[in-house]
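S.K.: Here it is, the structure, as structure tokens.
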Amino acid sequence: MEKTIDEKKQGETLILDQKEGNKRKLFIESYGCAMNFSDSEIVASILTDQGFNTTQNLEDADLVLVNTCSIRDKAEQTVRKRLEKYNAVKKAHNPNMKVGVLGCMAERLKSKFLEEEKIVDLVVGPDAYKDLPNLLAEVDEGRDAINVILSKEETYGDVAPVRLNSNGVTAFVSITRGCDNMCTFCVVPFTRGRERSRDPQSIVEEINDLWNKGYKEVTLLGQNVDSYLWYGGGLKKDFDSASDLQKATAVNFSKLLELCAHAQPKMRFRFSTSNPQDMTLDVIKTMSKYNNICNYVHLPVQSGSDRILKKMNRLHTRHEYFELIDNIKAIIPDCAISHDMITGFPTETEEDHEDTLSLMTYVKYDFGYMFAYSERPGTLAERKMEDDVPEATKKRRLAEIVALQQEHSKLRTEAQLNKTVEVLVEKESKKSKAQWAGRSPQNTMVVFPKAEYKIGDFVMVKVTNCTSATLIGEAIGYSENN
Ligand code: SAH
Ligand code: F3S
């Protein structure tokens with residue numbers, strides 16, 4: 001199971017508001033995590049000022065950009081396939097088309113991309129998007145262009161993203177970039193650089209702007225949101241040498257959540273991703289204090305075995321994770337919890353795998369994103385450990401945890417039967433034109449007959465039926481939040 005913000009959206013062509021007078025056509029698509037989708041909105045904003053409007057038609061594009069993911073080998077293979085497709089379209093229909101790669105693969109492969117993939121004219125890493133105008137000028141003059149410099153400051157806090165592919169109701173807002181955690185399996189610290197936080201004022205301004213445009217829900221994004229720390233700029237790791245005044249006035253994640261919840265009391269807030277080693281009780285208490293912060297935490301654990309957690313450089317034990325879960329459930333009894341899990345990390349035994357299964361049984365997660373270990377070049381695990389669990393074993397263990405998760409998901413959705421949940425209407429149901437689809441605060445998809453309701457409404461829905469992933473119900477009226 002690949003982790004995505006929404007399986008359907010992967011690679012979908014993005015549409016941006018067309019600016020009058022813009023002549024050049026941009027085709028932009030994104031793969032991977034929510035941060036990539038959010039970054040593409042920043043790129044679209046920068047290119048709108050360079051005379052580009054978007055097109056959904058590859059054959060018309062003057063410029064094709066693909067925002068790439070390196071998290072697992074399969075994600076990279078997907079992008080390679082897209083490059084083949086661009087190549088075919090260029091040859092058959094559009095000889096002047098230029099192709100650029102953005103994101104994590106650009107950062108990981110750097111100039112190798114230009115050598116390996118002849119179709120690529122432009123390589124831009126995640127911190128270099130503001131250099132796109134200069135890079136494009138080079139491409140226009142017939143040269144390949146590259147910028148993969150990682151930054152200590154860039155947060156794009158001053159770029160107003162152009163909302164792409166938007167339902168006009170929910171939006172992502174980036175709050176940190178990079179990651180300092182160095183989990184031994186993970187390529188992100190290498191492709192997205194050191195951790196830095198965005199000025200809270202620019203975050204609140206973006207949220208206010210979204211509210212004024214009719215948006216009703218914001219997900220605050222970071223690789224590791226709990227380590228958000230604003231003390232006037234700078235890397236997270238340099239905070240210790242900040243001045244006393246900077247320390248006294250610093251804004252941590254729980255304060256930021258409070259600022260957001262307070263700034264727009266009718267807007268729903270979510271956040272992703274939390275790391276168990278960094279999540280504080282303060283964050284949980286802030287969640288319980290504000291009704292508009294959704295009772296849902298995505299809390300990746302990766303393994304249930306202490307031995308494997310240590311080898312992964314996850315800086316908490318199984319026991320400490322249980323304590324955190326117990327605290328969340330004690331303070332917010334109806335809080336939904338989801339996870340990421342990896343099977344077949346180097347040296348993982350059947351006993352370790354049993355520990356993962358028993359951890360899942362203890363927590364009974366609402367849902368989860370599960371993966372077979374994929375060795376990533378340059379990571380500590382790749383350099384120091386042998387990828388020694390056979391592929392078939394990884395896959396079998398993956399199937400076992402997926403099956404167990406499905407049981408737990410079903411328990412969770414069944415527990416909602418006959419209860420009433422608040423749903424923010426996001427879109428038409430995929431299965432029926434007569435039904436709306438939206439999410440509960442706990443992040444479960446809910447479908448119900450449309451009646452007089454419309455997209456963007458908060459509706460109270462009585463749950464009458466369910467599958468393991470979806471609640472099915474009847475609207476009983478507007479929420480008082482409406
Ligand atoms: N903190 C990040 C995590 C990014 S990676 C976030 O914002 O979500 C998302 C998930 O991919 C991780 O939690 C992990 O479960 C999985 N993953 C990362 N590297 C992997 C690898 N080498 N093989 C398999 N799964 C991996
Ligand atoms: Fe990756 Fe671990 Fe950071 S999974 S993104 S290094 S928290």
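The values are calculated or read from the model by the stated rules, or taken from the named source; none is laboratory data. Computed from a prediction, not measured in an experiment: that's the story for all the values here. So basically every Cβ, Gly included, is an ideal-geometry build from the backbone, and we count neighbours across all protein chains shown. Each accessible area value is taken on the protein alone, full model and side chains, heavy atoms only, with ligands, DNA and RNA left out. Shrake-Rupley method; radii C 1.70, N 1.55, O 1.52, S 1.80 Å.
S.K.: For the condition outside any loop (DSSP other than H, G, I, E, B), out of contact with any helix residue (DSSP H, G or I) (no Cβ under 6 Å at 6 or more places or on another chain) and free of Cβ contacts under 8 Å to residues at least 60 places away in the same chain, what is the one hit in Leu114, Leu150?
M.R.: Values: Leu150 fails: outside any loop (DSSP other than H, G, I, E, B).
On inspection, the qualifying residue turns out to be Leu114.
S.K.: How many residues are under 20 Å from Leu63 (Cβ atoms) and open to solvent by 20 Å² or more (accessible area, probe 1.4 Å) when one looks only at segment 95-110?
M.R.: 3
S.K.: While we're looking at this one, here's another question. When only residues in segment 292-318 that are without any contact (Cβ under 8 Å) to a residue 12 or more places away in the chain and more than 14 Å from ligand 1 (Cβ to nearest atom) count, which is most open to solvent (accessible area, probe 1.4 Å)? Quick ask: steps written out before the conclusion?
M.R.: Quick first cut of segment 292-318, residues without any contact (Cβ under 8 Å) to a residue 12 or more places away in the chain only: 309-310, 317.
This time we only want the ones that are more than 14 Å from ligand 1 (Cβ to nearest atom), so: 310, 317.
Values: Lys310: 167, Thr317: 52 Å².
Restricting to residues being without any contact (Cβ under 8 Å) to a residue 12 or more places away in the chain and more than 14 Å from ligand 1 (Cβ to nearest atom), the top hit is Lys310.
S.K.: Moving to a separate point now. Go through segment 358-374 residue by residue and tally those that are farther than 24 Å from Met445 by Cβ, more than 16 Å from ligand 2 (Cβ to nearest atom) and open to solvent by less than 40 Å² (accessible area, probe 1.4 Å).
M.R.: Of the residues in segment 358-374, 1 are farther than 24 Å from Met445 by Cβ, more than 16 Å from ligand 2 (Cβ to nearest atom) and open to solvent by less than 40 Å² (accessible area, probe 1.4 Å).
S.K.: In this structure, is Val402 in a strand (DSSP E or B), more than 16 Å from ligand 2 (Cβ to nearest atom), under 23 Å from Ser272 (Cβ atoms) and at pLDDT 95 or above? Break it down stepwise before answering.
M.R.: On the way: in a strand (DSSP E or B): no; more than 16 Å from ligand 2 (Cβ to nearest atom): yes; under 23 Å from Ser272 (Cβ atoms): yes; at pLDDT 95 or above: yes.
No, not satisfied.
S.K.: A further question on this structure: Of the conditions (1) closer than 19 Å to Gly142 by Cα; (2) in contact with a Lys or Arg (Cβ under 7 Å, 6 or more places away or on another chain), Ser70 clears all except one; give me its number.
M.R.: The failed condition is (1).
S.K.: If you don't mind, another one. Tell me whether segment 325-337 contains one or more residues that are within 16 Å of ligand 1 (Cβ to nearest atom), of a type in the set (Val, Ile, Thr) and touching a helix residue (DSSP H, G or I) at 6+ places or on another chain (Cβ under 6 Å).
M.R.: To start, the set of residues in segment 325-337 that are within 16 Å of ligand 1 (Cβ to nearest atom) comprises 337.
Then drop every residue that is not of a type in the set (Val, Ile, Thr), which leaves 337.
When the remaining residues are screened for being touching a helix residue (DSSP H, G or I) at 6+ places or on another chain (Cβ under 6 Å), the result is none.
The answer is no, given that none of the residues of segment 325-337 is within 16 Å of ligand 1 (Cβ to nearest atom), of a type in the set (Val, Ile, Thr) and touching a helix residue (DSSP H, G or I) at 6+ places or on another chain (Cβ under 6 Å).
S.K.: With the requirement that a residue be surrounded by 15 or more Cβ atoms within 10 Å (Cβ to Cβ) and under 15 Å from Thr170 (Cα atoms), what does segment 423-435 give you?
M.R.: Val423, Leu424, Val425, Glu426, Glu428
S.K.: Take Ala392 and decide whether it is among the small types (Gly, Ala, Ser), without any contact (Cβ under 8 Å) to a residue 24 or more places away in the chain, under 26 Å from Glu351 (Cβ atoms) and not in a loop (DSSP other than H, G, I, E, B). Write out each step before concluding.
M.R.: On the way: among the small types (Gly, Ala, Ser): yes; without any contact (Cβ under 8 Å) to a residue 24 or more places away in the chain: yes; under 26 Å from Glu351 (Cβ atoms): yes; not in a loop (DSSP other than H, G, I, E, B): yes.
When the stated conditions are applied, Ala392 passes them.
S.K.: Mind checking which residues of segment 305-343 are in contact with a Leu (Cβ under 9 Å, 6 or more places away or on another chain), within 16 Å of ligand 2 (Cβ to nearest atom), not in a strand (DSSP E or B) and not hydrophobic (A, V, I, L, M, F, W, C)?
M.R.: Hits for segment 305-343 are Asn313, His316, Tyr321.
S.K.: Also, quick follow-up: Counting just the residues of segment 462-482 that are open to solvent by less than 60 Å² (accessible area, probe 1.4 Å) and of a type in the set (Gly, Ala, Ser), which one comes out farthest from Glu217 (Cα to Cα)? Write out each step before concluding.
M.R.: Taking segment 462-482 and keeping what is open to solvent by less than 60 Å² (accessible area, probe 1.4 Å), we get 463, 466, 468, 470-473, 475, 477, 479, 481.
Going one step further and asking which of them are of a type in the set (Gly, Ala, Ser), we end up with 468, 473, 475, 477, 479.
Details: Ser468: 24, Gly473: 22, Ala475: 20, Gly477: 20, Ser479: 15 Å.
Among those that are open to solvent by less than 60 Å² (accessible area, probe 1.4 Å) and of a type in the set (Gly, Ala, Ser), it is Ser468.
S.K.: Further question on the same structure: Would a scan of segment 179-195 turn up a residue that is within 16 Å of ligand 2 (Cβ to nearest atom), out of contact with any Ser or Thr (no Cβ under 6 Å at 6 or more places or on another chain) and among the basic types (Lys, Arg)?
M.R.: Yes, the conditions are met somewhere in segment 179-195.
S.K.: Take the residues in segment 68-91 that are without any contact (Cβ under 8 Å) to a residue 40 or more places away in the chain and within 22 Å of Phe185 (Cβ to Cβ); name whichever of them is farthest from ligand 2 (Cβ to nearest atom). Give the steps one after another, and end with the answer.
M.R.: Step one: of segment 68-91, the residues without any contact (Cβ under 8 Å) to a residue 40 or more places away in the chain are 68-69, 76-77, 80-81, 83-91.
Checking which are within 22 Å of Phe185 (Cβ to Cβ) leaves us with 68-69, 76-77, 80.
On the way: Thr68: 16, Cys69: 12, Glu76: 16, Gln77: 20, Arg80: 22 Å.
Across segment 68-91, the extreme among qualifying residues is Arg80.
S.K.: Would you mind stating whether Val459 is open to solvent by less than 20 Å² (accessible area, probe 1.4 Å), aliphatic (A, V, I, L, M) and farther than 26 Å from Ser274 by Cβ?
M.R.: On the way: open to solvent by less than 20 Å² (accessible area, probe 1.4 Å): yes; aliphatic (A, V, I, L, M): yes; farther than 26 Å from Ser274 by Cβ: yes.
The answer is yes for Val459.
S.K.: Based on what the data block shows, is Glu41 away from ligand 1 (no atom under 16 Å from the Cβ), at pLDDT 65 or above and of a type outside the set (A, V, I, L, M)?
M.R.: Working: away from ligand 1 (no atom under 16 Å from the Cβ): yes; at pLDDT 65 or above: yes; of a type outside the set (A, V, I, L, M): yes.
Yes; evaluated as a whole, the condition is true for this residue.
S.K.: Right, another one. With the condition kept exactly as written, say whether any residue in segment 264-277 is touching a Gly at 6+ places or on another chain (Cβ under 9 Å), open to solvent by less than 60 Å² (accessible area, probe 1.4 Å) and part of a loop (DSSP other than H, G, I, E, B). Full working, then the answer.
M.R.: Initial filter on segment 264-277 (touching a Gly at 6+ places or on another chain (Cβ under 9 Å)): 271-273.
Now restrict to residues that are open to solvent by less than 60 Å² (accessible area, probe 1.4 Å): 271-273.
Cutting the leftovers down to part of a loop (DSSP other than H, G, I, E, B) gives us 273.
So far as segment 264-277 goes, yes, one or more of its residues are touching a Gly at 6+ places or on another chain (Cβ under 9 Å), open to solvent by less than 60 Å² (accessible area, probe 1.4 Å) and part of a loop (DSSP other than H, G, I, E, B).
S.K.: Now for a separate question. Can you say whether Leu136 is more than 16 Å from ligand 1 (Cβ to nearest atom), at pLDDT 95 or above and farther than 28 Å from Arg376 by Cα, as far as the supplied structure shows?
M.R.: On the way: more than 16 Å from ligand 1 (Cβ to nearest atom): yes; at pLDDT 95 or above: yes; farther than 28 Å from Arg376 by Cα: yes.
Judged against the criteria, Leu136 is a match.
S.K.: Now for a different question. What is the one condition in (1) closer than 30 Å to Gln302 by Cα; (2) away from ligand 2 (no atom under 16 Å from the Cβ) that Ile146 does not satisfy?
M.R.: In the conditions (1) closer than 30 Å to Gln302 by Cα; (2) away from ligand 2 (no atom under 16 Å from the Cβ), Ile146 misses (1) alone.
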